[in-house]
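The values are calculated or read from the model by the stated rules, or taken from the named source; none is laboratory data. The shown structure was predicted, so the numbers you read here are calculated from the model rather than taken from an experiment. As a convention, Cβ positions derive from the backbone with ideal geometry for all residues, glycine included, and neighbour counts pool all protein chains shown. In case anyone asks, the SASA skips ligands and DNA or RNA and just uses the protein heavy atoms, side chains included. Shrake-Rupley method; radii C 1.70, N 1.55, O 1.52, S 1.80 Å.
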Amino acid sequence: LGIKLDNPIIAGACGLTSDLRMIEKLQESGVGAIVCKSLFQEEIELEYMKFQRDIHQYDDINAEMLTIFPDLEHGGPKEHLYWLKRAKEEASVPVIGSLNAQDEEIWLDYARRIEDTGVDAIELNLYRTPEHDGQSSEELERRQLSVLSKVKEVLSIPVSIKISPFYTNLTGFIQAADAVGVDGVVVFNTLFAPDMDIIRERHTFPISFSRKEDNLFTQKYTGLIHGNISGDLCAGRGIMDGEDIVKMILAGADAVQVVSTLYRNTHYHIGIMKKDLEDWMKEKGYSSLDDFRGKLSRKSLGGRKPWLYKRSQYVKMLMQDSESLAAKIF
């Protein structure tokens, strides 16, 4: 995003990056940058509805009293913005704000307010499910690109988007966002979905951390996208250790985002990942990340292994490994 980082490890938006003490620990462990916990439109709206319910529940309790509360107003996103400003003031590494909204006017309003906190950049989380059965994928994508374009118009700080893998033409959407002028793309969001308790017959809401194998999809699309957009590329989802960071940079990532591994291994793991990356580079004789960034991307491979990033990889891999796979099974 045009921001100089000490290293490519970014702490992604999560509960850990919503606490000033944890942000300090992440810095001490050597993180390159921090994406603060997202400002969610729905969270603010739910808080507002609860606020209205609480202050009006005793209205008209008797004939001579309208309300027991003075004239109060909900603060909206002010608390989050105040905390975000504090985080930027106290952090010694770049701080990126994060926004997840639904309505275009809220995207623009909250984006402006986040910029006013002094953060170095903003990350837009572009995840949305269809509002009705007749809504087309083209319409959803058009709305997202419109929001991105208008946010870019009103902000002066860099703007990145964090997207899910669920697009009909993923690389096509990323190139369309690049044409609009996005400064960077983060692939991919880790999405949460409700589960079901079949004994009580109700929904549950488990926290689903990423697993190491989840980064294979990220690795593939990082390799596909590298060299085909002018903006920067950040790899996320399933990045657990220094080996994963090496793979993402070989595929073409400019940086990586980590979350689940911080929950599993604490903030101290950042130092371990950095050392693993440095040790690998030293062993290979690389003095900078640029020496091997994108070395195994589709663009860098050129005509070599043309099947690797195509559907024909299924046939190639199955034919290549069928005997060894059968030997392992039987």
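What is the number of the single condition among (1) at pLDDT 95 or above; (2) in contact with a helix residue (DSSP H, G or I) (Cβ under 9 Å, 6 or more places away or on another chain); (3) in a loop (DSSP other than H, G, I, E, B) that Arg112 does not meet? For Arg112, the exception is condition (3).
Beta carbons closer than 6 Å, at least 6 apart along the sequence or on distinct chains, pair a first residue in the stretch 169-196 that is surrounded by 19 or more Cβ atoms within 10 Å (Cβ to Cβ) with a second that is of a type in the set (Asp, Glu) for Phe173/Glu141; Gly184/Asp232. As a summary of the residue check, Glu153 satisfies the conditions (1) under 17 Å from Thr17 (Cβ atoms); (2) assigned to a helix (DSSP H, G or I) except for the one numbered (1). If you check Ser149, Ser98, Ser160, Ser164 for being over 23 Å from Leu191 (Cα atoms) and modelled with pLDDT of 90 or more, only one passes: Ser149.
Note on the stretch 154-205: residues that are under 16 Å from Ser38 (Cβ atoms) and not polar (S, T, N, Q) total 8. Within the stretch 112-146, the residues that satisfy the criterion of being within 22 Å of Leu191 (Cβ to Cβ), in contact (Cβ under 8 Å) with a residue 40 or more places away in the chain and either open to solvent by less than 40 Å² (accessible area, probe 1.4 Å) or acidic (Asp, Glu) (or both) are Glu123, Asn125. Contact map, the stretch 223-236: residues that are at positive phi paired with residues that are of a type in the set (Lys, Arg), Cβ distance under 6 Å, separation 6+ or inter-chain. Pairs shown: Gly227/Lys299.
Only a single criterion out of (1) of a type outside the set (Asp, Glu); (2) over 20 Å from the mean Cα position of the chain (by Cα); (3) within 30 Å of Trp83 (Cβ to Cβ) is not satisfied by Val182, namely (2). Only a single item in (1) at pLDDT 95 or above; (2) β-branched (Val, Ile, Thr); (3) open to solvent by 90 Å² or more (accessible area, probe 1.4 Å) is not met by Val256, and it is number (3).
Kindly check whether there is at least one residue in the stretch 267-287 that is open to solvent by less than 90 Å² (accessible area, probe 1.4 Å), in a helix (DSSP H, G or I) and modelled with pLDDT under 75. Looking for residues that are open to solvent by less than 90 Å² (accessible area, probe 1.4 Å), in a helix (DSSP H, G or I) and modelled with pLDDT under 75, one finds none in the stretch 267-287, hence no. Taking the numbered list (1) among the basic types (Lys, Arg); (2) part of a helix (DSSP H, G or I); (3) free of Cβ contacts under 8 Å to residues at least 12 places away in the same chain in turn, Arg200 passes all entries but (2). When the residues of the stretch 220-245 are filtered to those that are in a helix (DSSP H, G or I) and open to solvent by 10 Å² or more (accessible area, probe 1.4 Å), the one that is farthest from Trp307 (Cα to Cα) is Glu243. Comparison of Lys220, Lys212 shows that the only residue that is under 18 Å from Gly184 (Cα atoms) and modelled with pLDDT under 95 is Lys220.
For the stretch 26-43, a tally of residues being open to solvent by less than 10 Å² (accessible area, probe 1.4 Å) and in a strand (DSSP E or B) returns 4.
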